[in-house]
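Structure record follows, encoded as structure tokens.
Read-outs: derived from the displayed coordinates by stated rules, not from any lab. What you are looking at is a predicted structure, and each value in this text was computed from that prediction instead of being measured. When we count neighbours, we look across all protein chains shown, and the Cβ atoms used for this are built from the backbone with ideal geometry, even at glycine.
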Amino acid sequence: MNFIRLNHNPSALSRGITFILYFAFLSTSLAATRVQNSALQVKQKTVIHQVNIVGFKFVPERLEVAVGDRVTWTNNDIAPHSVIISQSNTAKKGKEITPRLEPKQSFSFQVTDGINYQCGIHPSMQGKIIIQSVDKR
Amino acid sequence: MQTFNNNRSNRLPKILTQSSKSLLIGMMLALVSVSACTSANTNSKAMTDANIAAIVVGANNIDISAGKIALKRSKNAQVRQFAQTMITDHTSVLEAAVALVTKLGVTPVNNDLVATLAAQSQQHEQHLNALSGKAFDKAYIDHEVAYHQAVIGVIEKQLIPSAKNAELKAMLVSVLPAFRAHLDHCKMIQSKI
Ligand SMILES: [Cu+2]
């Protein structure tokens, strides 16, 4: 969770700076490490969560993530599937999250808030992304 | 493997007509009676892996064919989307099944159940081709609900217990979620039309 990446070319100098920043970051509070420091172009490494689509199910069906994390859906099924905002959601229902995914295709999505979702092709396939509280990380 | 191929068009002659309701009841009864017959007479009528292959191929082709009729005749967006999904998914299942039985060297052999399914399908298609608008949508979706229920029952109670080859059995287990998702989907549409 505390990886730091500098957005310029790797060199001995930048690696040195990375180390300094890394220890500086570790010494600050956990809450502080979650804040992106744009002035120093330092950011927390993005966490990627995997959702497997298999047997006409999203596995896991329920996923807890932090805001800014990514979720990657991979279709390991025999038929195409997609991910859309659930029809049961009041706002943005039916909004496309992934395009149609043919077998073996993946799509990654950056989470901004919690959602109930479903397959756009098979409405009985349902899933849920929940935003976890900061102190759980 | 000339007994079947990926030609998904309905190759059966259309000869029979009957009302949709009696057709559905007839189909259910036929499946049950063929089932009873199969389990009672294990010597001459036991279901072989070759029969199972023919049933899987036939059952998928039937639903693909009905979906094509729905795309031609329905104007309801939900019904059309469902029909397209049936064509896509049952084509995938069919291709996977054909690939597996080809690999296993199993040549599909028709039995009473295949003949029954084919005859019921012809009647149903004849009926569908005479309908349009809401009457068509209702007849198509009602039949899809009954058909998926019937096929799930056949796979669970007859095909899986009868399959001798482990890979064939695993394939049958793996296609059930598709049929269940389709059943849920057409029930949702049925409740709205
Ligand atoms: Cu799906």
- Message: Taking 41 Å as R0, compute the FRET efficiency from the Cβ-Cβ separation of residue A:116 and residue B:132 and round it to 0.05.
- Response: 0.65
- Task: Would you kindly work out the equivalent ellipsoid of segment A:53-124 from its C-alpha gyration tensor and give its semi-axes, the square roots of five times the eigenvalues, largest first in whole Å?
- Result: 18, 14, 11
- Message: Give me the net charge for the shell around residue B:101: Cβ to Cβ below 10 angstrom, other residues only, Lys and Arg +1, Asp and Glu -1.
- Response: -1
- Message: For the pairs A:93/B:192; B:134/B:187; A:104/B:68, flag any whose C-alpha to C-alpha distance is greater than 22 Å.
- Response: A:104/B:68
- Message: What is the distance in Å between the Cα centroid of segment B:118-193 and that of segment A:50-104?
- Response: 25
- Item | Net length gained if the chain between residue B:142 and residue B:102 were fully extended (0.36 nm per residue, minus Cα distance) | 11.0 nm
- Summed over the other residues with a beta carbon less than 13 angstrom from that of residue B:117, with K and R at +1 and D and E at -1, the charge totals -3
- Normalised by the number of residues in segment A:48-136, what is the relative contact order in percent for Cα pairs under 8 Å and 6+ residues apart? 33
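Starting from the Cα gyration tensor of segment B:57-176, take the square roots of the eigenvalues, sort them a ≥ b ≥ c, and report rounded, prolate or oblate (rounded when a/c is under 1.5, otherwise prolate if a/b is larger than b/c, else oblate).
prolate
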